[in-house]
Each structure stands twice: as C-alpha cells, then as structure tokens.
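Each remark here refers to the structure printed beneath this line.
The values are calculated or read from the model by the stated rules, or taken from the named source; none is laboratory data. All figures in this text were calculated on a predicted structure; none of them were measured in a lab. Neighbour counts are summed over all protein chains in view; Cβ atoms, including those assigned to glycine, are modelled from backbone coordinates with ideal geometry.
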Amino acid sequence: MNTRVAIVTGSGQGIGEAIALRFAAQGMRVVLADRNVEAAEKVAAQIARNKGEALAVVTELTESSSVDAMVAQCVARFGACDILVNNARWSGLAPTRVQDIRDEDWRRALDVNVTGAFHCVRAVVPHMIERQWGRIINLSSATVRMPPGRPYAHYITTKAALVGLTRSLARELGEYGITVNAILPGSVDTGVERPGGLDAAERERRVLASQAIPRTMKPEDMAGAALFLASDDASFITGQSLAVDGGFSFG
C-alpha cells in the first residue's frame with residue numbers, strides 16, 4: 001500500500017481524519033480535502049510528524065471547479081490518484097418531519113452528500129482508468145437499512161443515494177480494475193455537536209441500547225474497514241455495502 005495515493009474528503013476531523021491517519025500509517029500518501037483547510041493542515045502536520053506524506057487542500061465539494069483543482073493538485077504532487085474516500089457530509093441536519101423540511105436544507109443535503117461525491121468520482125476516474133486500478137469508498141449510513149426513531153428523510157435519502165451510486169459505479173468501472181464499495185457507519189462519536197435536542201447522555205443511552213456491541217463507536221472503528229476495502233485483499237469485492245455499526249443493523 002505504500003505506493004498508493006489516497007484522497008479523503010472531510011478529513012479535517014472525525015471519521016475522515018481517522019481514515020487519513022490510518023492510510024498514512026500504512027505508507028500511503030494522502031490528500032486531505034476539506035473546506036476547513038486549517039483543520040486539514042493540523043492533520044497533515046500530524047502525519048508529517050509520523051514521517052508520512054500529506055497535502056491539505058481547501059475544497060468546496062459542491063463546486064466542480066474546486067474539486068477538479070484539488071484532484072489536479074493531487075496528481076501534480078504525487079503523480080497519481082489511486083483511492084478516493086467520499087467521507088464528507090453536511091452535519092448540520094436536525095431531525096425534521098418531512099412537512100417541515102425547508103427547501104434550502106433539502107438542497108444543501110443533496111449538494112454536499114451526493115453531488116459532492118459525484119464531483120469527486122468524475123474527477124478521479126480518468127486517472128484510475130489510465131492506471132487500470134482504483135478504489136472508491138463511499139461513506140453512507142446504517143440508517144439506510146434501519147431508519148432511526150426520529151424523522152431524517154433528508155439525511156437518509158442522500159445516504160441511500162450513495163448506495164445506489166456505489167452499485168452503479170461498481171458495474172460501470174469493474175472492467176478497469178476499479179472497485180467501488182460503501183461503508184455504512186452507525187452512530188459514531190466524532191466529537192462534533194449534533195443538532196436535535198437530545199443531551200449527550202440520553203443520546204448515548206439510546207445508541208447503546210440499539211447495538212449488539214454495547215460500547216460507543218469511535219471514528220477509528222471505520223478506519224480498518226476503509227483500509228481493507230482500499231487494499232489488494234479486497235480486489236474481488238465491489239458493489240457492496242459494509243455496515244460498521246456494532247450490530248445496529250443486520251443484512
């Protein structure tokens with residue numbers, strides 16, 4: 001894996017940060033694509049202290065020109081783009097009944113969670129086809145299989161769209177040695193405050209009661225799954241959705 005180059009979106013914190021650090025620890029060169037470039041630069045500095053290579057690039061995923069520029073910087077710096085992890089999401093969505101969802105919230109959820117991933121895929125695929133090798137990993141959500149007790153139609157719709165994108169791309173790109181898979185995280189403690197009115201203790205109680213493994217999930221729990229799907233060991237796995245949720249959902 002130490003010859004590979006990975007782009008991880010939303011890698012300034014949380015799951016994206018954990019995946020980027022794990023990839024770098026395996027010798028991969030990592031592009032940290034985040035709209036908060038200061039956060040991404042802190043992660044890049046941590047990777048550098050551990051003798052790894054990383055490049056922080058300010059990226060607005062909803063703008064295709066910004067994504068194209070980020071991928072161009074990746075190729076200019078590292079000479080390739082082998083792995084894409086579409087991790088970034090809009091985290092500002094509060095539970096909302098469908099009749100109360102505002103147009104702007106619906107559009108923003110689609111723009112960041114779905115269109116942003118599409119922009120990244122479109123930009124990296126030509127480079128992967130050229131090398132006849134690639135890994136695309138989309139971060140969806142376990143709520144696609146088992147919706148939560150509170151209304152989240154806007155969020156769940158976008159995460160279900162990523163599963164559909166995963167399956168479609170797997171069929172389209174397999175002939176080029178490119179695999180496309182999704183990870184479905186459960187409720188992960190990323191350290192980011194969540195809207196919705198529940199205090200931290202009540203949220204944790206509900207989460208632990210819904211899981212088979214009674215402990216709080218951490219971003220690092222996603223990193224191992226992402227590393228496996230990015231590896232040669234997963235070269236014959238594509239179009240799949242891997243739930244990493246402590247047993248919240250099955251199937």
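At a glance:
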| item | result |
| --- | --- |
| Flag if I129 is of a type in the set (V, I, T), modelled with pLDDT of 95 or more and surrounded by fewer than 18 Cβ atoms within 10 Å (Cβ to Cβ) | yes |
| Given (1) at pLDDT below 95; (2) closer than 30 Å to I178 by Cα, number of the condition L227 does not satisfy | (1) |
| Identity of the residue in the range 93-114, under 20 Å from S64 (Cα atoms) and of a type in the set (V, I, T), that ends up modelled with the highest pLDDT | V114 |
| Matching residues, the range 37-54, being outside any helix (DSSP H, G or I) and buried (at least 24 other Cβ atoms within 10 Å of the Cβ) | A54 |
| R171 among the basic types (K, R), free of Cβ contacts under 8 Å to residues at least 24 places away in the same chain and surrounded by fewer than 19 Cβ atoms within 10 Å (Cβ to Cβ) | no |
| Subset of the range 1-29 [within 16 Å of G224 (Cβ to Cβ) and crowded, with 24+ Cβ neighbours inside 10 Å] | A6, V8, I15, G16, E17, A18, I19, A20, F23, A24, M28 |
| Check on G27, touching a Ser or Thr at 6+ places or on another chain (Cβ under 9 Å) and on the phi > 0 side of the Ramachandran plot | yes |
| Single unsatisfied condition, G79 versus (1) surrounded by fewer than 23 Cβ atoms within 10 Å (Cβ to Cβ); (2) at negative phi; (3) of a type outside the set (D, E) | (2) |
| Scope the range 55-99; condition outside any loop (DSSP other than H, G, I, E, B), of a type in the set (A, V, I, L, M) and over 22 Å from V114 (Cβ atoms); matching residues | L55, A56, A72, V75, A76 |
| Number of the condition not met by A117 [criteria: (1) at pLDDT below 95; (2) hydrophobic (A, V, I, L, M, F, W, C); (3) in a helix (DSSP H, G or I)] | (1) |
| Pairs, first within 17 Å of I156 (Cβ to Cβ) in the range 108-132, second of a type in the set (D, E, K, R) and outside any helix (DSSP H, G or I), C-beta under 6 Å, six or more apart | N113/R89 |
| The range 222-251 residues that are under 15 Å from T166 (Cα atoms) and in contact (Cβ under 8 Å) with a residue 40 or more places away in the chain, paired with ones that are part of a helix (DSSP H, G or I) and aliphatic (A, V, I, L, M) (beta carbon under 6 Å, 6 or more apart) | A226/I19; T238/A170; G239/A170; S241/V163; L242/A225; A243/A142 |
| Pair list, Cβ < 6 Å and 6+ apart or interchain, from the range 134-152 residues that are in contact (Cβ under 8 Å) with a residue 60 or more places away in the chain to residues that are of a type in the set (S, T, Y) and surrounded by 17 or more Cβ atoms within 10 Å (Cβ to Cβ) | R135/T179; A142/S249; R145/S249; M146/S249 |
